[in-house]
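Trainee: One structure is given below, represented as structure tokens, and several questions about it will come after.
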Amino acid sequence: MSRGNSGPSRPTELPTQSSQLRLTLEAPARARLGEPVPLVFTVANPGKSPVTLYLMGRDPTADFQVTDDRGRKVWSQLRGRVGMAPLRLLPLEGGQRLSFRSVWNQRSDTGKPVPPGTYLVRAVLLTDEPDGLASPGARLRIERPSGG
């Protein structure tokens with residue numbers, strides 16, 4: 001039986017090309033249809049040495065992205081908002097982390113409510129690399145409320 005975002009947030013982790021960085025995405029495993037979905041993306045340096053990040057924009061920026069079970073992009077937090085931005089160097093000291101939070105309202109980029117189903121959520125730190133630094137995907141099952 002689920003209540004609200006009943007599925008506990010399951011952090012998923014992915015090592016990056018810099019072995020010192022750890023990318024973690026927290027997203028619920030399940031959510032009721034129409035309920036806000038909380039998302040947290042963390043970029044951490046668990047090592048002792050600093051790592052320099054080459055970031056796009058004045059402030060560190062991350063995009064949260066949702067795709068459907070066919071791999072089609074349903075929602076992107078930054079869709080239509082990101083333009084050319086200056087490159088910024090940001091040293092991430094050992095033990096330091098950057099965290100980004102967002103809430104997906106279960107609507108597509110066109111503003112339409114999404115249907116029940118399985119979705120894949122990713123977060124991407126915008127860097128000088130074309131695809132940025134992406135978190136591993138987290139599966140999210142959107143379910144109709146039971147009973148009624």
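The values are calculated or read from the model by the stated rules, or taken from the named source; none is laboratory data. This structure is a prediction, so every number in the text was calculated from the model and none was measured. Here Cβ is always computed from backbone atoms with ideal geometry, including for glycine, and neighbour counts include all displayed protein chains.
Trainee: Could you identify the single residue in 26, 35 that is over 29 Å from residue 130 (Cα atoms), charged (D, E, K, R) and modelled with pLDDT of 90 or more? Before the answer, list the steps.
Mentor: Details: 26 fails: over 29 Å from residue 130 (Cα atoms).
That would be 35, the only listed residue that is over 29 Å from residue 130 (Cα atoms), charged (D, E, K, R) and modelled with pLDDT of 90 or more.
Trainee: Could you tell me whether residue 51 is touching a Ser or Thr at 6+ places or on another chain (Cβ under 6 Å) and hydrophobic (A, V, I, L, M, F, W, C)?
Mentor: Values: touching a Ser or Thr at 6+ places or on another chain (Cβ under 6 Å): yes; hydrophobic (A, V, I, L, M, F, W, C): yes.
So residue 51 fits the description; yes.
Trainee: Same structure again: Please give the number of the condition residue 86 fails out of (1) at pLDDT 90 or above; (2) out of contact with any strand residue (DSSP E or B) (no Cβ under 7 Å at 6 or more places or on another chain).
Mentor: Here residue 86 meets the rest and fails (1).
Trainee: Inspect the range 69-83 for any residue being modelled with pLDDT of 95 or more, exposed (fewer than 12 other Cβ atoms within 10 Å of the Cβ), under 18 Å from the mean Cα position of the chain (by Cα) and at negative phi and give the result as yes or no.
Mentor: For the range 69-83, residues modelled with pLDDT of 95 or more, exposed (fewer than 12 other Cβ atoms within 10 Å of the Cβ), under 18 Å from the mean Cα position of the chain (by Cα) and at negative phi: present.
Trainee: Given the criterion in contact with a Leu (Cβ under 8 Å, 6 or more places away or on another chain) and at pLDDT 95 or above, identify the matching residue among 108, 102.
Mentor: On the way: 108 fails: in contact with a Leu (Cβ under 8 Å, 6 or more places away or on another chain).
After applying the criteria, what remains is 102.
Trainee: Another one. Evaluate the following for residue 133: is it over 16 Å from residue 27 (Cα atoms), in contact with a Ser or Thr (Cβ under 6 Å, 6 or more places away or on another chain) and either surrounded by 14 or more Cβ atoms within 10 Å (Cβ to Cβ) or in contact (Cβ under 8 Å) with a residue 40 or more places away in the chain (or both)? If you could, list the steps in order and put the result at the bottom.
Mentor: Numbers: over 16 Å from residue 27 (Cα atoms): yes; in contact with a Ser or Thr (Cβ under 6 Å, 6 or more places away or on another chain): yes; either surrounded by 14 or more Cβ atoms within 10 Å (Cβ to Cβ) or in contact (Cβ under 8 Å) with a residue 40 or more places away in the chain (or both): yes.
In short, yes.
Trainee: I would also like to ask the following. How about the range 43-67: which of its residues are under 26 Å from residue 108 (Cβ atoms), part of a strand (DSSP E or B) and not aromatic (Phe, Trp, Tyr)? Write out each step before concluding.
Mentor: Within the range 43-67, the subset under 26 Å from residue 108 (Cβ atoms) is 56-57, 61-67.
Within this subset, residues satisfying the condition of being part of a strand (DSSP E or B) are 56, 62-67.
Answer for the range 43-67, where residues must be under 26 Å from residue 108 (Cβ atoms), part of a strand (DSSP E or B) and not aromatic (Phe, Trp, Tyr): 56, 62, 63, 65, 66, 67.
Trainee: Just to be sure I understand the filter: pairs with C-beta atoms under 6 Å, separated by 6 or more residues or on different chains, first member in the range 32-56 and under 17 Å from residue 136 (Cα atoms) and β-branched (Val, Ile, Thr), second member at pLDDT 90 or above and surrounded by fewer than 15 Cβ atoms within 10 Å (Cβ to Cβ). Which pairs pass?
Mentor: Pairs found: 40/101; 42/97; 42/99.
Trainee: Further, regarding this structure: Quick check on my filter: what residues within the range 92-117 are touching a Gly at 6+ places or on another chain (Cβ under 8 Å) and of a type in the set (S, T, N, Q)?
Mentor: Matches in the range 92-117: 106 only.
Trainee: Against the definition (over 19 Å from the mean Cα position of the chain (by Cα) and modelled with pLDDT of 90 or more), how does residue 46 come out, yes or no?
Mentor: Values: over 19 Å from the mean Cα position of the chain (by Cα): yes; modelled with pLDDT of 90 or more: yes.
In short, yes.
Trainee: Among the residues of the range 99-138, count how many are within 13 Å of the chain's Cα centre (by Cα) and not in a loop (DSSP other than H, G, I, E, B). Can you show your working first?
Mentor: Within the range 99-138, the subset within 13 Å of the chain's Cα centre (by Cα) is 99-104, 119-126, 132-138.
Narrowing the set further to residues that are not in a loop (DSSP other than H, G, I, E, B) leaves 99-104, 119-125, 133-134, 138.
Of the residues in the range 99-138, 16 are within 13 Å of the chain's Cα centre (by Cα) and not in a loop (DSSP other than H, G, I, E, B).
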